[in-house]
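Q: Provided herewith is a single structure, encoded as structure tokens, for subsequent inquiry.
The values are calculated or read from the model by the stated rules, or taken from the named source; none is laboratory data. Owing to the predicted nature of the structure, the values given are computational and were not obtained by experimental measurement. Neighbour counts run over all protein chains shown; Cβ positions are idealised from the backbone, glycine included.
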Amino acid sequence: MSFMKGLKCRECGKEYPKEALHVCELCFGPLEVNYEYEKIKEVLTRQTIEKRPPNMWRYKELLPLESDPSVGAQVGFTPLIRAHNLGNALGVRELYIKNDAVNYPTLSFKDRVVSVAISRARELGFKIIACASTGNLANSVAANSAACGMESYVFIPHDLEQTKIMGTLIYGATVVSIKGTYDEVNRLCSEIAGKYGWAFVNINIRPYYAEGSKTFGYEMIEQLGWRFPRHVVVPMAGGSLITKIWKSFNELQKIGLAKNLDSRIYGAQAAGCAPIVNAVKEGSELIRPVRPNTIAKSLAIGNPADGYYSAKVMRDSGGWGECVTDDEIISAMKLLAETEGIFAETAGGVTLGVTKKLIEQGRIPKDESIVVSITGNGLKTQEALYGKLNQVTVINARLAEFDDLVRANGKEYALKS
Amino acid sequence: MAIKVRIPTPLRKLTNGSDEVFAEGRNIGEIINDLEKSFPGLKERICEGDGKLRRFVNIYLNDEDIRFKKNLETELKENDELSIIPAIAGGSI
């Protein structure tokens, strides 16, 4: 049973039917899915949720589908890890990693939004799935389309990591590489979406698509024992995820599944592409677009669609925005890998780097709970690490050479006695 | 002074299908008021009740967003061109 009421303009409140619409025809504001929360409150309990299989659909009443998903039944419920080693390294008492680097099937949080978007697009009768992407979305759209036998078109900026291109082509998607930035790709896709009758997951299906991100937030709360964390750090590109995490917290409070919402939400960007962070720091409601220049390509959106609302989430929740340089991103990727054994993509380096900075600045106190949102896998952005890690040691296949190496490294204590 | 204004598809119903129209005014606010005279109903689509530009409507003077100039008070000169562009074209994370 579906509890989706319809679409509603976030700006002027005008209501629309549950169709493939994303912009208010009156005021041009973004449309958002509206639910029958009173009815959800009656049927959805912690016990009901806890009895369901460990995937994102355990919160299906709060997702915008008419019936069960037709793709991605296994997505979500990724680990929330109590990060003791990293906590010690940062000098904080209670630190968690929400790890979507191991989300199914394409190792990023995008599988959450895409499984909702494609399932909804199929309910609406679309035959072709498409997207504008900085990489992770491309992987997920291609994989999930293949999994349900749909044709897919993926539009990317020309300078993406090779791994993300291979990880899209393998599924048989048609990949169109555009000579331009993501923002230019996106503009072109809007025109294509207007002309062709395709389901662009992050354009005409966006109101449904974006709702999938809420499950990242629901899971975090459930995994903390239905408790709100005090501080949450979230990476921002277009700014949708941070607004949906905030929405998910508020919904859980509204339907009574968690109480005493006092979380502060912090947005993380790369210094080479920080339009939302700049606005927060300047105390401005205006997002001034930038031309991105950062190794964190998955966050390289210079004209963020949800920039205004992201800045508002940070303001309303008492959080803040911060950014880090490319060197700080690499250091943070190494720190996460060396302390917790988690290889996050560059965006994860941004989020952890910003967390570290906020702790050092005293904006995040050392004795309160902190969740770091890791949204993608480091195996996809290895190009960023060339020349930045230790070299491998090469020797011939002779024991004597290895003995020399052990001596050179001062590890003779490890000899068998 | 007549200024050329580009009209986006969703507003062309109000301009009898024209994608470019001309309006008179010394600044952008005056242009919008003049557009409203010629095409009644257009102003409420791009401005709030208090006259401020709606958040998800961008107006470009030549190639620059007027929010980063003097907004509706931005003064105009001969041969300037305005474009009205709905802000939401999509996005990602």
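Q: Among the residues of the range A:274-295, write down those that are over 21 Å from A:ILE370 (Cβ atoms) and in contact with a helix residue (DSSP H, G or I) (Cβ under 7 Å, 6 or more places away or on another chain).
A: A:PRO275, A:ALA279, A:GLU285, A:LEU286, A:ILE287, A:ARG288, A:PRO289, A:VAL290, A:THR294, A:ILE295, listed by residue number.
Q: Please name all residue pairs, on different chains or six or more residues apart, with Cβ atoms under 7 Å, provided the first residue is in the range B:43-55 and is more than 10 Å from every other protein chain (Cβ to nearest Cβ) and the second residue is charged (D, E, K, R).
A: B:LYS43/B:GLU36
Q: Please determine whether any residue of the range A:366-373 is modelled with pLDDT of 95 or more, farther than 30 Å from A:LEU261 by Cβ and surrounded by 12 or more Cβ atoms within 10 Å (Cβ to Cβ).
A: No, the range A:366-373 contains no residue that is modelled with pLDDT of 95 or more, farther than 30 Å from A:LEU261 by Cβ and surrounded by 12 or more Cβ atoms within 10 Å (Cβ to Cβ).
Q: Is one or more of the residues making up the range A:324-338 within 21 Å of A:ARG363 (Cβ to Cβ), of a type in the set (Asp, Glu) and under 18 Å from the mean Cα position of the chain (by Cα)?
A: Looking for residues that are within 21 Å of A:ARG363 (Cβ to Cβ), of a type in the set (Asp, Glu) and under 18 Å from the mean Cα position of the chain (by Cα), one finds none in the range A:324-338, hence no.
Q: Within the range A:80-116, can you find the residues that are closer than 25 Å to A:ASP159 by Cβ and part of a helix (DSSP H, G or I)?
A: Result: A:ASP100, A:ALA101, A:LYS110, A:ASP111, A:VAL113, A:VAL114.
This table checks each residue for (1) buried (at least 24 other Cβ atoms within 10 Å of the Cβ); (2) within 20 Å of the chain's Cα centre (by Cα); (3) closer than 23 Å to A:GLY302 by Cβ.
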site: A:TRP198; (1), (2), (3): no, no, no
site: A:GLY217; (1), (2), (3): yes, yes, no
site: A:VAL232; (1), (2), (3): yes, yes, no
site: A:LYS244; (1), (2), (3): yes, yes, yes
site: A:LEU261; (1), (2), (3): no, no, no
site: A:ALA274; (1), (2), (3): yes, yes, yes
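Q: Moving on. Quick one: which residue in A:VAL33, A:VAL71, A:VAL75, A:VAL23 is aliphatic (A, V, I, L, M) and within 14 Å of another protein chain (Cβ to nearest Cβ)?
A: A:VAL23
Q: Let me ask another. For B:PRO40, only one of the following conditions fails: (1) closer than 19 Å to A:GLU25 by Cβ; (2) surrounded by fewer than 19 Cβ atoms within 10 Å (Cβ to Cβ); (3) within 14 Å of chain A (Cβ to nearest Cβ). What is its number?
A: (3)
Q: If you take the residues in the range A:122-178 that are assigned to a strand (DSSP E or B) and among the hydroxyl-bearing types (Ser, Thr, Tyr), which one is farthest from A:ARG112 (Cα to Cα)?
A: Going through the qualifying residues, I end up with A:SER177.
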